[in-house]
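Take a look at the structure below.
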Amino acid sequence: MSEPKPEQPSNSLLQGGSRADVLLPIADDELILGWRNSEWTGIAPFLEEDVAFSSIAQNEVGHARALYQLVAEELGTTADELAFDRKPEEYRCSPFVELRLVPDWAKTIARHCLYEDADERRIKELLESDDPEVAGLAAKIDREEAYHRIHSRMWFDRLQDVAQFQEALEELRPMVDQRGEHLSEFEQLWEEMTEVRRSVAGATW
Amino acid sequence: MIYEVFRQERKGQAFAHAGSVEAPNEEFAEWYAREEFGRRGESVALWVVPREAVHEIDDFIDELERNYHRVDGYPLKEKLREARERAQARATK
């Protein structure tokens, strides 16, 4: 008998096997954060940032869609069904992305910075996946995320000496890797997000 | 800071003014210019220039009305009409 292999760190994304286990929490994070960030559309601090931040939000939803598609192939369902037809308790996003931060721009940017850092580590792990489709998608996502990271770092440099921003970072940092119970404000987001889909069952666009 | 953005639609074409962005520094300006004038594949290149760097000239003095410097200084319409008439007259002879 050979020696048992040393255990992989339990937080490794490559553990767990199925695409649903590995990718759904990430896809849900991207969808919900994209939704939250899009709440700034039209009311961001200035016009250029409004366009830029909305564009990032759109990208995040695009990443969610691509990830859902990979999971959907495995489960025999569709990306839309995964995104909109689950019950609130079936979503696996982190409470960190569920926080409704409008109209607090300092907190929003603090979350953006913390999220991009954490997301970078996660995508780098996916790049090593044995599943070529997952690794391939991770590479595509990473190329787009590189621009998000430039954006978040520019804002970090700009706000790092501002007390309000430092406090926001301190407050939010412990939440980054938290999983589990949804926040109460998630229910309302889910209602809004799935409303059209629920009101016209089976509709396609 | 205001930055003026010029964009090139296809390689080899002249850059044309696309618009301007407001940004706290050059880095942000580049990011915003990309987002507003490049993300839909409408440009192959951008120039992002601080507005102060643009040297504007808007006074064109022509005290003596030297209209021969301008294309409209040579009204060709009449001359062309006469030439056509001559040519036609020759052809019908």
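Pick out the one residue from A:GLU89, A:GLU81 that is away from every other protein chain (no Cβ under 14 Å), surrounded by fewer than 15 Cβ atoms within 10 Å (Cβ to Cβ), assigned to a helix (DSSP H, G or I) and touching a residue at least 40 places away in the same chain (Cβ under 8 Å).
It is A:GLU89.
Considering only the range A:42-78, how many residues are part of a helix (DSSP H, G or I) and either under 15 Å from the mean Cα position of the chain (by Cα) or more than 14 Å from chain B (Cβ to nearest Cβ) (or both)? First the steps, then the outcome.
Of all residues in the range A:42-78, those part of a helix (DSSP H, G or I) come to A:47-75.
From what is left, the residues that are either under 15 Å from the mean Cα position of the chain (by Cα) or more than 14 Å from chain B (Cβ to nearest Cβ) (or both) are A:53-75.
Here the count works out to 23.
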Yes/no for A:LEU33 being of a type in the set (A, V, I, L, M, F, W, C) and either touching a residue at least 60 places away in the same chain (Cβ under 8 Å) or crowded, with 20+ Cβ neighbours inside 10 Å (or both): yes
Single match in B:ARG70, B:ARG66, B:ARG7, B:ARG81 (criterion: away from chain A (no Cβ under 14 Å), among the charged types (D, E, K, R), surrounded by 14 or more Cβ atoms within 10 Å (Cβ to Cβ) and without any contact (Cβ under 8 Å) to a residue 60 or more places away in the chain): B:ARG7
The range A:124-158 - residue that is among the β-branched types (Val, Ile, Thr) and touching a residue at least 24 places away in the same chain (Cβ under 8 Å) and, of those, farthest from A:ILE109 (Cα to Cα): A:VAL134
Top-ranked residue of the range A:104-152 - restricted to ones that are of a type in the set (Val, Ile, Thr) and either surrounded by fewer than 18 Cβ atoms within 10 Å (Cβ to Cβ) or under 16 Å from A:PRO25 (Cα atoms) (or both), ranked as farthest from the other protein chains (Cβ to nearest Cβ): A:VAL134
Residue list for the range A:181-204, restricted to those being of a type in the set (A, V, I, L, M, F, W, C) and part of a loop (DSSP other than H, G, I, E, B): A:LEU183, A:VAL200, A:ALA201, A:ALA203
Scan of the range B:1-21 for residues that are closer than 17 Å to B:ARG51 by Cβ and assigned to a loop (DSSP other than H, G, I, E, B), ordered by number: B:MET1, B:PHE15
Near pairs, Cβ below 9 angstrom, 6+ apart or cross-chain, from the range B:31-53 (farther than 18 Å from B:GLY12 by Cβ and within 10 Å of chain A (Cβ to nearest Cβ)) to any residue that is crowded, with 18+ Cβ neighbours inside 10 Å and aromatic (Phe, Trp, Tyr): B:TYR32/B:TYR3; B:ALA33/B:TYR3
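None of the figures in this text is laboratory data; all of them are computed from the coordinates on show. Remember, it's a predicted structure, so these values are computed and weren't measured experimentally. As a convention, Cβ positions derive from the backbone with ideal geometry for all residues, glycine included, and neighbour counts pool all protein chains shown.
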